[in-house]
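Worksheet for the structure shown next.
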Amino acid sequence: MNMFSWFKTNKKYQDLNANDFQKQLSEDENAHLLDVRTNDEFASGHISGAENLNISDAAFSRKLALLDKNKSYYVYCRSGGRSGQACSVMADLGFTKVYNLNRGILGWNGQLIRS
């Protein structure tokens, strides 16, 4: 056993690079795409089909609790930090299929929708 193994955290979600995120999202029939950025960030450009659920909103956890835990959730933000936090909260709430876009929308190489 490595002496640093106790530093490892057992994440209950998976980080995916942009290519794997896009591929898995397109092939998953139970996929639900969440953008956890602010409303203004969302309006400036988001991935097609995304639902905006601002992690900074005081009602964020309450809104998450209303989501279907049987679906797969693909979560992103600007650079991956907030979406990682959101994935952790979701895992703590009992969501089992949660995927974080590593590097966030900055790492996304697909088209963005502006609203």
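The values are calculated or read from the model by the stated rules, or taken from the named source; none is laboratory data. In this text the structure is predicted, and so the values were computed from the model without any measurement. Neighbour counts run over all protein chains shown; Cβ positions are idealised from the backbone, glycine included. These accessible areas exclude ligands, DNA and RNA; they are computed on the full protein's heavy atoms, side chains included. Shrake-Rupley method; radii C 1.70, N 1.55, O 1.52, S 1.80 Å.
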(request) Please go through the range 11-26 and pick out each residue that is of a type in the set (Asp, Glu) and farther than 17 Å from Gln85 by Cβ. (result) Asp20
(message) Is it the case, given these coordinates, that Asn100 is surrounded by fewer than 15 Cβ atoms within 10 Å (Cβ to Cβ) and touching a Ser or Thr at 6+ places or on another chain (Cβ under 6 Å)?
(response) no
(message) So, in the range 59-91, exactly how many residues are open to solvent by 40 Å² or more (accessible area, probe 1.4 Å) and more than 15 Å from Ile105 (Cα to Cα)?
(response) 12
(message) Looking at the range 83-98, I want the residues that are more than 13 Å from Asp15 (Cβ to Cβ) and have a partner that is among the small types (Gly, Ala, Ser) and open to solvent by less than 10 Å² (accessible area, probe 1.4 Å) with Cβ atoms under 7 Å, at least 6 apart or on another chain. Which pairs are those?
(response) Lys97/Ser72
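This table checks each residue for (1) at pLDDT 95 or above; (2) within 25 Å of Asp92 (Cβ to Cβ); (3) in contact with a Leu (Cβ under 8 Å, 6 or more places away or on another chain).
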{"residue": "Met3", "(1), (2), (3)": "no, no, no"}
{"residue": "Gln14", "(1), (2), (3)": "yes, yes, no"}
{"residue": "Asp20", "(1), (2), (3)": "yes, yes, no"}
{"residue": "Lys23", "(1), (2), (3)": "yes, no, no"}
{"residue": "Leu33", "(1), (2), (3)": "yes, yes, yes"}
{"residue": "Val36", "(1), (2), (3)": "yes, yes, yes"}
{"residue": "Ala43", "(1), (2), (3)": "yes, no, no"}
(message) If the requirement is being in contact (Cβ under 8 Å) with a residue 12 or more places away in the chain, open to solvent by 80 Å² or more (accessible area, probe 1.4 Å) and out of contact with any strand residue (DSSP E or B) (no Cβ under 9 Å at 6 or more places or on another chain), which of these qualifies: Ser56, Ser26, Ser44?
(response) Ser56
(request) Given the conditions (1) open to solvent by less than 80 Å² (accessible area, probe 1.4 Å); (2) modelled with pLDDT under 95, report the number of the one that Asn10 does not fulfil. (result) (1)
